[in-house]
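Shown next, in structure tokens, is the structure this report addresses.
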């Protein structure tokens, strides 16, 4: 009897000890961080106060920049919407998923294209593992609020809650005001402003999921064309003098309305007590449109692979990781978000191959591993406005080619004519002084690296002559943007 009592007591102690140890282990595990990922459409590198604009008013983003880390050399995975978003949400470079542009790839007048471009794949295939699917595998509730553009239906690509997302790349004619032209959203009161409505939807999502882990992806349609602004913000910009190539009152009003809505989201996080357990990321999908807003000293804009087309603003606020008010010169790609967030979320199913890297060492002041950055665009993008795009020629923002950045060196290769351009970004961020002829060894070195990378990724290099090409043909440019407000 005594022996049985001793055994029972020992078993009870072991069970109690095990429970205590398990509870202590659970107490020592930090809850998974929520993620609020804000992606703006076509916002230029210098279109906010914290990046140096003296024209645009962005007090909420300026405040966020003081709470987190600003990356001054952040790059998009591509120079226009669909391929950049495909890179971001897959963590893969364009030759892996083959979304090279907003379809089709043969844009511009056929008589001005020397070669047949590579066919474009319009959307990410559903077999591609997305950022949303990764978060779902980690137990998160996922939402997308705004422009999707990489598939027909976001809910087949890992999104639990989809508002206003579908295949479309813009809100359409008059589409910033209700009644809307985008799918998966009910119309609001007549005249309701789409960025305001999307913010309302995100706030409802935050409230509904405040007690669980969430990934709120907020790809606002703004500030993509057509340029349509609220009257209250427009009045503040109509008589405001421009500076440094930034002077468009409707675009300025859109930027400030964007900032106002981001302020609402940040205030809601604080009001719900979630700001210390939520990573906030703010960036743009590509550079801004140059004739609307200059990004000096950077050259060109959206659709170009000069710096103004691919360099973007980026703030990361990661409580406990980033030091408030810090800035980093490290070069990052939007493909880095996937491995960085995956390392934090620890999903059951991980992406086994990614083209980006985990950038969290930067948060503690460490340097990233040496690596070359690559872009590949075997396609054509026609000019917005002749002579005002800052591009290589007046007819196209982009002709087929590839880019490499290695250290402070950047080299462009163009497939039509074999042209090479070499720039020293440290001393020439505006890419105005082509050093390919005066630095032949460096040019050859980077060209060899670029060709090796293309071979490794099976990147297609178009070269078949276009039978419709006419070297004697000339054409005038055509503007096609709406500049309207309500």
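The values are calculated or read from the model by the stated rules, or taken from the named source; none is laboratory data. Source: prediction; values computed, not measured. Note that we place each Cβ from the backbone using ideal geometry, even for glycine, and neighbour counts take in every protein chain shown.
For this structure, a couple of remarks:
- Among the residues of segment 218-239, those that are touching a helix residue (DSSP H, G or I) at 6+ places or on another chain (Cβ under 7 Å) and either crowded, with 16+ Cβ neighbours inside 10 Å or under 22 Å from residue 204 (Cα atoms) (or both) comprise 218, 220, 221, 222, 223, 227, 229, 230, 233, 234, 237.
- Picking from residues in segment 244-253 that are out of contact with any strand residue (DSSP E or B) (no Cβ under 6 Å at 6 or more places or on another chain) and in contact (Cβ under 8 Å) with a residue 40 or more places away in the chain, the one that is farthest from residue 293 (Cα to Cα) is 253.
- Residue list for segment 370-381, restricted to those being surrounded by fewer than 21 Cβ atoms within 10 Å (Cβ to Cβ) and not in a strand (DSSP E or B): 370, 371, 372
- Residue check, residue 292 assigned by TED's automatic domain parsing to the domain that holds residue 335 and crowded, with 22+ Cβ neighbours inside 10 Å: yes
- Taking each residue of segment 430-456 that is over 14 Å from residue 407 (Cβ atoms) and looking for partners that are in a helix (DSSP H, G or I) and at pLDDT 95 or above with beta-carbon atoms closer than 7 Å, six or more apart or interchain, yields 431/307; 436/443.
- Test: residue in segment 456-463 that is within 30 Å of residue 317 (Cβ to Cβ), at pLDDT 95 or above and in contact with a strand residue (DSSP E or B) (Cβ under 9 Å, 6 or more places away or on another chain): no
- Count of residues meeting criterion [touching a helix residue (DSSP H, G or I) at 6+ places or on another chain (Cβ under 7 Å) and buried (at least 20 other Cβ atoms within 10 Å of the Cβ)] in segment 321-340: 7
- For segment 400-416, the candidate set comprises residues that are in a loop (DSSP other than H, G, I, E, B) and in contact with a strand residue (DSSP E or B) (Cβ under 8 Å, 6 or more places away or on another chain); within that set, the residue that is surrounded by the most Cβ atoms within 10 Å (Cβ to Cβ) is 400.
Yes or no, residue by residue, for (1) crowded, with 24+ Cβ neighbours inside 10 Å; (2) within 24 Å of the chain's Cα centre (by Cα); (3) at pLDDT 95 or above:
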{"position": "3", "(1), (2), (3)": "no, no, no"}
{"position": "11", "(1), (2), (3)": "no, no, no"}
{"position": "14", "(1), (2), (3)": "no, no, no"}
{"position": "29", "(1), (2), (3)": "no, no, no"}
{"position": "46", "(1), (2), (3)": "yes, yes, yes"}
{"position": "70", "(1), (2), (3)": "no, yes, yes"}
{"position": "73", "(1), (2), (3)": "no, yes, yes"}
{"position": "92", "(1), (2), (3)": "yes, yes, yes"}
{"position": "98", "(1), (2), (3)": "no, yes, yes"}
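- Residue match in segment 201-212 (condition: part of a helix (DSSP H, G or I), at negative phi and without any contact (Cβ under 8 Å) to a residue 40 or more places away in the chain): yes
- Which numbered condition residue 93 fails, given (1) closer than 19 Å to residue 39 by Cα; (2) in contact with a strand residue (DSSP E or B) (Cβ under 6 Å, 6 or more places away or on another chain): (2)
- Entirely in segment 266-369, the strands (runs of 3 or more DSSP E) that have 2 or more residues that are within 30 Å of residue 250 (Cβ to Cβ) and under 16 Å from the mean Cα position of the chain (by Cα): 278-284, 314-317
- The set of residues in segment 417-437 being buried (at least 16 other Cβ atoms within 10 Å of the Cβ) and part of a loop (DSSP other than H, G, I, E, B) consists of 425, 428, 429, 430, 431, 434, 435, 436.
- Residue in segment 302-319 that is surrounded by fewer than 23 Cβ atoms within 10 Å (Cβ to Cβ) and out of contact with any helix residue (DSSP H, G or I) (no Cβ under 6 Å at 6 or more places or on another chain) present: yes
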